[in-house]
1. By average Cβ neighbour count within 10 Å, what is the ranking of 68-79, 53-64, 91-102 from highest down?
2. If you count only protein heavy atoms with a 1.4 Å probe, what accessible area per residue comes out for segment 20-145, rounded to a whole Å²?
3. Of the heavy-atom accessible surface of segment 14-77 (probe 1.4 angstrom), what whole percent is carbon and sulfur?
4. For a protection proxy built on the mean count of beta-carbon atoms within 10 angstrom, sort 104-117, 134-147 highest first, please.
5. Only Lys, Arg, Asp and Glu count, each charged at its Cβ (+1, +1, -1, -1), so figure out the dipole size of segment 1-118 about its Cα centre, rounded to 20 debye.
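The values are calculated or read from the model by the stated rules, or taken from the named source; none is laboratory data. Please read these numbers as outputs of a predicted model, since none were measured by experiment. For neighbour counting, all protein chains shown are included, and Cβ atoms are generated from backbone atoms with ideal geometry for every residue, glycine included. Keep in mind that these areas ignore ligands, DNA and RNA; they rest on the heavy atoms of the full protein, side chains included. Shrake-Rupley method; radii C 1.70, N 1.55, O 1.52, S 1.80 Å.
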Amino acid sequence: MGELWNFIENLLLAESWPARWLCGQWTEFHGWLYIISSVFIAAAYFTIPGYLYILVKKRKDFPFQNIIWLFIAFILACGLTHMMDAIIFWYPAYRLSAFLLFVTAIVSWLTVLGMLKYLPQLMQMRSPSEMANIINERTAELEASNKSLQKLNLDLDNYVYAASHNLKSPITNMEGLLTLIQEEIENGILPDKILLDNMQLSMQRVRNTIQTLTSII
């Protein structure tokens, strides 16, 4: 515990070690190659989380946002370790470097566990080509259904026309027969049996048409 508290208390101190430039025999080319490469890697690691942050903020419906936040933390931590690698050439804060590595290790394994949790769901995600095939299949099904509905509407229109014609003709006939029967009754004459038979025939035609309609509906 004493070493731990000593480590924490002196976390930012660098007096215990020489700067990295003074450790070994660094040439200008070798040292600056190491420094510039570390800085560029760190810059990339700091930029990528910015894009991921924009993604999760702009796309609230984007799945697996928790794992995206873990990746942001992981990439930022890696960037800090690379930046610290460059700083140590002048400021040898090796305690701080070790602490950043420890934090990066924890975040890395949290990301690994997060990936392990979401991996089954990620494996079930459709590829763009699969989604395109599904969309094409659904579109074909909808087009077929639409054609069936159009044919059904046409058949229904034809049936309604035929039904209305079958009803209109006997009703018109009955109206004429009723007029004749009414005239005969007004003149004190019993209605002719032929008129009554025709009336009954027209009523039967109406009844048959109605029964046909109700059986279909």
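1. On the way: 68-79: 19.0, 53-64: 11.0, 91-102: 16.3.
Those peptides, ordered most packed to least, come out 68-79, 91-102, 53-64.
2. Each residue of segment 20-145 exposes 68 Å² on average to a 1.4 Å probe.
3. Here it works out to 70 percent.
4. Numbers: 104-117: 14.0, 134-147: 10.1.
Ranking, from highest mean packing down: 104-117, 134-147.
5. Dipole size: approximately 640 debye.
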